1. Of all the accessible heavy-atom surface of the stretch 328-426, with the other protein chains kept in place and a 1.4 Å probe, what percent is carbon and sulfur?
2. If packing is taken as the average count of other Cβ atoms within 10 Å, what order do 336-348, 117-129 fall into, highest mean first?
3. If I model a spin label as a point 7 Å beyond the Cα along the Cα-Cβ vector, how far apart are those points for residue 237 and residue 420 in nm?
4. Tell me, what HN-Hα J-couplings in whole Hz come from the Karplus equation 6.51 cos²θ - 1.76 cosθ + 1.60 at θ = phi - 60° for each residue of the stretch 254-267, using x for Gly and Pro?
5. In whole percent, and with a 1.4 Å probe on the protein chains, what portion of the accessible area of the stretch 445-592 is carbon and sulfur?
6. What does the charge dipole of the stretch 215-317 about its Cα centre add up to, to the nearest 20 debye, if the Cβ of each Lys and Arg holds +1 and the Cβ of each Asp and Glu holds -1?
7. Taking a virtual spin label 7 Å from the Cα of residue 510 along the C-beta vector, which residues in the stretch 462-487 bring their backbone nitrogen under 17 Å of it?
8. Under the rule of at least 5 residues apart or a separate chain, name every residue whose amide H is placed under 5 Å from the amide H of residue 351.
Amino acid sequence: MLRIGPSLRTARKLLNRNLHFQSPIIAGDVAPVHHRRQELHRFVRRCNYSSTVGNTSASASFFSTLNNSNSSTTSTTPHVERAEENDSLQSNASEVEPVAAVEQRLSSGMVDAYLAIELALDSVVKIFTVSSSPNYFLPWQNKSQRETTGSGFVIRGKRILTNAHVVADHTFVLVRKHGSPTKYRATVQAVGHECDLAILVVESEEFWEGMNSLELGDVPFLQEAVAVVGYPQGGDNISVTKGVVSRVEPTQYVHGASQLLAIQIDAAINPGNSGGPAIMGDKVAGVAFQNLSGAENIGYIIPVPVIKHFIAGVEERGEYIGFCSLGLSCQPTENAQIREYFQMQSKLTGVLVSRINPLSDASRVLKKDDIILSFDGVPIANDGTVPFRNRERITFDHLVSMKKPNETAELKVLRNGKVHDFKITLHPLQPLVPVHQFDKLPSYFIFAGLVFIPLTQPFLHEYGEDWYNASPRRLCERALRELPKKPGEQFIILSQVLMDDINAGYERLAELQVKKVNGVEVLNLKHLRQLVEDGNQKNVRFDLDDEKVIVLNYESARIATSRILKRHRIPHAMSSDLTDDENAVELQSACSS
């Protein structure tokens, strides 16, 4: 049984009662389009008479029921005898509405629902994923594998589009098309965790027989109807839910922790729906990807501009690069006194630059306390928004995110009361502490039982759902606020101490930042490993946060490392991304022997 929304349930009851054919919402096979139209024509001609109750016609009552997505009741039009119906039809022949006009009115209701299902049957697939996430407390091993399901749909080029979180940390992926008992092996071609999108490919030619690709449409307007198609929990067959567009604005993407354009709809989006298309008419309006926790029937879909930006980036570069950022933190200037202080004339509007990422191109031309007046000629309001479609407004970050990497943007800036024009090259920026680390193993380096890692938010998430309060406060604050000062910089910490005679007394220094090794500032984990392996000094000194110090004899520490690894059944002293030169291989061999 398909999971359907209230409006589709109502339409199904009315159609089964009045059209006398089985709805393809329930049936396994879809009735031919011309058969459905013939039945529809006959039903319209029967229903197009004036009701004896009030001034509302029966057809109007029926159509309002179909188009009301919140209604779950059928028409209350009284029963009319066949003879009376024929008389009414004859007397009102001049008032009969053309069938084409009725079909057009049905486009947002019943016909859309049928069309969505008809398209979905040959394009939407169910995805079966086996995944295994890393254990960031023990970065040399993975957690137990788990099995999840999701949805996807075929796009041009024999590719399947789905959500990134459906295939995150995957080890094995299978897909199954509607009406087939066979599962086919799929490969992840590209994945963008920031925008929560992924592209799969299936090599089997048998899989593609009878499959059709869906075409991407436009951003729907408010109150336009969409049908979400997928394989949510609670059943194994395809499901269709219908809703309307409630809101279009930049929204927090939970999976990638990014702020991108999203569409809010009132259709139910449940686990398993992720990756399925939201169809409007005969085109895709978005990809279902998340819902609002604690609320009913508030779901979100990824709009077409974000989808096209992701696909275009993959096609142009062969891999996902990311969405661009200015690298700025800006403050609204809604207060009249702050505008007066920065010499903003009455006709000028904009936002105040409060922080600049040192690695961004903006740091080359912009300064703190600059006022950004416009972006690519689009004026920025004092609340940081720009015009969007018909009397809608969204934050100007959306204009930035839609730029391609290495594209140039023109900024009009107010500085010390004078207006300046600047050109800035945009490109994706990485934070000092990565927000996510999907599809890759964590980096680590073990020396004398001291486990060094770069700080990441997934490491903090290991402290539980309330990680913000449960994790070390200092690490948490720095993870959320600090910016990188140099390219390739990482925030290195001593995550734990694997106890041994050689490191006794240092166990209380865990979870502190490592600042220097032998007096040299640490840039990243690979740099730390190189400083430790230098071997020019008898002892190795680590300077930590809070002015704490660790000193180890190098030869004794190297011998102890092998002993500690064997005791804890750790296969290697460092992650594979650090073993790319001869010194690392020598240390790896020495520690393993």
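The values are calculated or read from the model by the stated rules, or taken from the named source; none is laboratory data. Since the structure is predicted, the reported quantities are computational estimates derived from the model, not experimental observations. All Cβ positions, even for glycine, are placed from backbone atoms using ideal geometry, and neighbour counts span all protein chains on display. Please note that ligands, DNA and RNA were not included when accessible areas were found on the heavy atoms of the full protein model with its side chains. Shrake-Rupley method; radii C 1.70, N 1.55, O 1.52, S 1.80 Å.
1. Heavy-atom surface of the stretch 328-426 belonging to carbon and sulfur, 1.4 Å probe: 45 percent.
2. Averaged packing, sorted descending, gives the order 117-129, 336-348.
3. Here the answer is 6.6 nm between the modelled labels.
4. 4, 5, x, 6, 10, 10, 9, 4, 8, 10, 8, 10, 9, 7
5. 46
6. 120
7. 462-464, 470-476
8. The answer is 372.
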